[in-house]
1. Taking a virtual spin label 7 Å from the Cα of Val304 along the C-beta vector, which residues in the range 367-393 bring their backbone nitrogen under 18 Å of it?
2. Compute the FRET efficiency between Arg88 and Ile265 as 1/(1 + (r/R0)^6), taking r as their Cβ-Cβ distance and R0 = 51 Å, and round to the nearest 0.05.
3. Take the Cα coordinates of the chain, assign each an equal point scatterer, and use the Debye formula without solvent to give log10 I(q)/I(0) at q = 0.08, 0.09, 0.11, 0.14 Å⁻¹.
4. Please report, to one decimal in angstroms, the Kirkwood hydrodynamic radius of the range 261-440 built from all distinct Cα-Cα pairs.
5. Which of the three applies to the range 179-222, rounded, prolate or oblate, going by the alpha-carbon gyration tensor with a ≥ b ≥ c and a/c under 1.5 meaning rounded?
6. Given H placed 1.01 Å from N in the peptide plane, which residues other than close sequence neighbours of Ala442 have an amide H under 5 Å from its amide H?
7. Which angle from 0 to 90°, rounded to the nearest 10, does the C-alpha axis of helix 366-379 make with the longest principal axis of the chain?
8. Full-extension gain between Arg205 and Trp31, please, as 0.36 nm times their residue separation minus the C-alpha to C-alpha distance.
Amino acid sequence: MRTIVLARGLLAACLSLACLPALAALPIQHWTQPSGAKVWFVESRVLPMVDVQVDFDAGSRRDPPAQAGLASAAALMSGKGVKAGPGRAPLDENQWSEAWADLGASFGADAGRDGMSFGLRTLTEPALLRRATALAARQLAEPAFPDPVWQRERERWIASLREADTRPGTLAARAFREATFAGHPYGLEARAPTLGAIGVADLQRFWAGHIRPCRAKVSVVGALDRAQVDALVTGLLAGLPQGACPALPPLPEVQALAAPATREIPFQSAQAHVLLGQPGFRRNDPDFFALLVGNHILGGSGLVSRLSQEVREKRGLTYGVYSFFSPGLQAGAFQVGLQTRPDQAAQALQVTRDVLERYVAEGPTDAELQAAKDNLIGGFPLRLDSNRKLLDNVAAIAWHDLPLDYLDTWTSQVARVTARDVREAMARKLQPARMVSVVLGAAPPRP
């Protein structure tokens, strides 16, 4: 007990220091284990702790359409207790939570659109590290998926979906996603009927088919050496089925829009929600840095962006307007969004279209380009100022198969972007005449 109390105190102290600068752009070590698991590792001695992220190609894009929400349900239920194992008693959800709390470490799962991620954070004191690794390995290999707990969690989930359906932002985002990704898994989301079609047997099958060492991409940042990390990863994945993995079913490509699509949704709201966009690009696209800089100028830099200047400052149509790309393993969305008075929605949308068309056609000014590059390069250290942020970057390198020197060359890649690069990249990716527009809550035209 004394060890546990001391560990908790030390971990709390470490977490309070997490804002201290992490060693940026350290060499990334990379290797493949005999199981097929791929490992990326950055040694960081700033804190006596380690952060681990294990990623599998098991996100919502792998959900059967009639069971949208399956990947998220599996991730949620993996933390609700474990089965008995050799010499190990089963643990229900309360016992499982208490085991992690007593250890002063954390382990959790989350499913996004592309992958399912497991995150471990623990001190590197050898006894604590062994116990944390063993606990995490049980969750990966022996999730119980208790049916009564799933029934309860499903009802909670459905209730939260009903509540979310009363929010204008939720309805606008859903309409945009469905129109942008029509026919592609990126356009699906969990609903009451799809959750109702998911049983414990479905969770078990999904888990068995996707959570395997040969599919794992493991990113590690912390105060360990390579041999210790290799042993940690081996221990984490030891209880999973070994051997080669059969290929996962191919997924359809995200299709470009053939024509513009308009969704006008009546809704009684103090503010109209306006969204404009289309499918964008994959994360490993060679235009990435030109588009990063280009979007920063267009709508990614807050009040100084071109959209903000034109829509907010000059015309007073909104308090804020933004744009972003969300690239993934497949082409994620490009989106512009704002809120405005219902009677100004049509004008705000038209001004936004005009700004976007002109920007795609002409590109940025020299002053805009330099200001964006200065801002991005100056802010780069903030992307790496904690172990957690460094891990996020290493995991992105792993997930998208980016070069190992990606962090070392990031600022020089940004610095090399020219106005022509931005203009040509934007023109390749964006088609302002063929975009989805969603307007929810606009005032009807006067008679």
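1. Residues 367-383 fall inside that zone.
2. Here the calculated transfer efficiency is 0.45.
3. -0.54, -0.68, -1.00, -1.39
4. For the range 261-440, inverting the mean 1/r across all distinct Cα pairs yields 17.2 Å.
5. In terms of gyration-tensor shape, oblate.
6. Ile265, Phe267
7. The angle comes out near 20 degrees.
8. That works out to 59.7 nm of additional length.
Coordinate-derived values only; no laboratory data. Small disclaimer: the values here were computed from a predicted structure and weren't measured. Counting neighbours? That spans all protein chains shown, and the Cβs are built from the backbone with ideal geometry, glycine included.
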